[in-house]
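A single structure is presented below for examination.
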Amino acid sequence: AQSVTQPDIHITVSEGASLELRCNYSYGATPYLFWYVQSPGQGLQLLLKYFSGDTLVQGIKGFEAEFKRSQSSFNLRKPSVHWSDAAEYFCAVGPSGTYKYIFGTGTRLKVLA
Amino acid sequence: GAVVSQHPSWVICKSGTSVKIECRSLDFQATTMFWYRQFPKQSLMLMATSNEGSKATYEQGVEKDKFLINHASLTLSTLTVTSAHPEDSSFYICSASERSSYNEQFFGPGTRLTVL
């Protein structure tokens, strides 16, 4: 069955520290991959997406993600976290050829001043 | 481009009443729209998928008579929560997709429903 796993429910980092949020998926072929951020009471904002091509994807707000086919992973990274990055982060998989997304359970990021 | 709006952004209603939430694609034609429900501190749960001019396809466990979905045009879908009860209180998010090779979904800002 297709699934998306975000192993870390909560992550706390200090402002200025680097960040990596993990995302693993289970799917037979290469899916379309997305990272979204959600602030409390707000909708989803797309950070970045991967459809094909270069496996290192640059997104907004200084985020990047790397697709690793061998590990079925699409981890999100940021070299230096800002206090405003505190939010919920969702990884999503869109199996090619379908319209539906499968969302991970989310990772809540807390940033210490 | 690819902007999706929802109205209202929040609504409070009495138990037993019906509430309609609108989802609009502002700058593209949405051949497919999706409705999600999100409980506090949880992920998004897909409720239904609707294609313009067709009946919605509901996910298992979602009451189609409770959550009426209409996708009458390529830019508008509505979700009506009928005879709302406090347990229907939630954050409802819609998304829209235009026919393309990537089938990317564009998300609305969400609607907070509180049923008293």
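The values are calculated or read from the model by the stated rules, or taken from the named source; none is laboratory data. All values reported here derive from a predicted model rather than from experimental measurement. Neighbour counts are summed over all protein chains in view; Cβ atoms, including those assigned to glycine, are modelled from backbone coordinates with ideal geometry. The area values use the complete protein model at the heavy-atom level, side chains included, leaving out ligands, DNA and RNA. Shrake-Rupley method; radii C 1.70, N 1.55, O 1.52, S 1.80 Å.
If I build a Gaussian network model for chain A, linking alpha-carbon pairs within less than 10 angstrom, which residue out of A:L76, A:L47, A:L56 has the largest mean-square fluctuation?
For chain A, modelled as a Gaussian network with Cα springs under 10 Å, the answer is A:L56.
Let me ask something else. Given a 1.4 Å probe, how much area per residue of chain A is accessible, in Å²?
Per residue, chain A has an accessible area of 48 Å².
A further question on this structure: Could you sort the peptides A:20-33, B:33-46 by per-residue average Cβ neighbour count (10 Å cutoff), highest mean leading?
Result, highest mean Cβ count within 10 Å first: B:33-46, A:20-33.
Another question, then. Can you flag which of B:K20/B:K66; B:K20/B:K64; A:K100/B:K20; B:K20/B:K41 are past 19 Å Cα-Cα?
A:K100/B:K20; B:K20/B:K41
Follow-up question, since we're still on this one. Could you rank the peptides B:58-68, B:18-28 by their average count of other C-beta atoms within 10 Å per residue, with the highest value first?
Ranked by mean Cβ neighbours within 10 Å, highest first: B:18-28, B:58-68.
Which of the residues in the stretch A:98-113 lose at least 30 Å² of accessible area when you go from the chain alone to all protein chains together (probe 1.4 Å)?
A:Y99, A:K100, A:Y101, A:F103, A:R108
Follow-up question, since we're still on this one. Taking C-beta distances below 4.7 angstrom as the pairing criterion, name the unpartnered cysteines of chain B, in sequence order.
Cysteines lacking a close Cβ partner in chain B: B:C13.
Per-residue mean of other chain beta-carbon atoms within 10 angstrom of the beta-carbon, peptide A:32-44?
4
Dipole of chain A (Lys/Arg Cβ +1, Asp/Glu Cβ -1, origin at the Cα centre): which of A:G94, A:S18, A:F34 lies farthest to the positive side?
A:G94
With a sphere of radius 14 Å drawn around the Cβ of B:L113, what net charge do the other residues whose Cβ falls strictly inside it have (Lys, Arg +1; Asp, Glu -1)?
Combined, the nearby Lys, Arg, Asp and Glu give +2.
With the cut-off at 1.5 for a/c, could you classify the stretch A:37-113 from its C-alpha gyration tensor as rounded, prolate or oblate?
Because a/c hits 1.5 or more and a/b fails to exceed b/c, the stretch A:37-113 counts as oblate.
Report the B-A buried area as the accessible area lost on both sides summed, probe 1.4 Å, in Å² to the nearest 100.
Chains B and A together bury roughly 1800 Å² of accessible area.
Right, something else. Going by average Cβ density within 10 Å per residue, which order do the peptides A:83-90, B:87-94 take, highest to lowest?
B:87-94, A:83-90
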